[in-house]
Structure formats: C-alpha cells, structure tokens
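Below is one structure; the comments refer to it alone.
Every number in this text was worked out from the coordinates using simple rules, so none of it is lab data. Here the structure is a predicted model, which is why all the values come from computation and not from measurement.
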C-alpha cells in the first residue's frame, strides 16, 4: 500500500492523475481524506492536507 499526502492543489492534481493512470496501482479511496474540524482547530495547517491511498495490483 502507498499513502500520499498533498498540501497544494497542483500537487493533489498530479497525485490524483498519477494514481488514476497507473496500471500497477488500485486507488483505495474514491475521495481524498481530509482533516476533521476538530483537527483543524488544533492544527490549522492541516486544513489543506489531502490523503490518498492506493494498493499495488497483484500479478
């Protein structure tokens, strides 16, 4: 499995397209996982973070 965190919209776009176009990976999360409201209150910089998870396809 691979987990990728992006903090900028351009980074996220590159990650999203890279995962989608890969024949070796299956995307595990349809939408990115983002910080909850309570996490953002405790850590304001987490607001822009997006987590995407993929898994290697078995041959």
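Here are the numbers for the structure shown:
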read-out: Helix-only mean residue ellipticity at 222 nm for the chain, each DSSP H run of n ≥ 4 adding -39500 (n - 2.57), per residue, nearest 500; value: -8500 deg cm²/dmol
read-out: Label of the coordinate-derived value, Kirkwood radius over Cα pairs in Å, listed as (1) 13.8; (2) 12.2; (3) 13.2; value: (2)
read-out: Helix 9-20 vs. the chain, principal-axis angle (Cα, 0 to 90°, nearest 10); value: 30 degrees
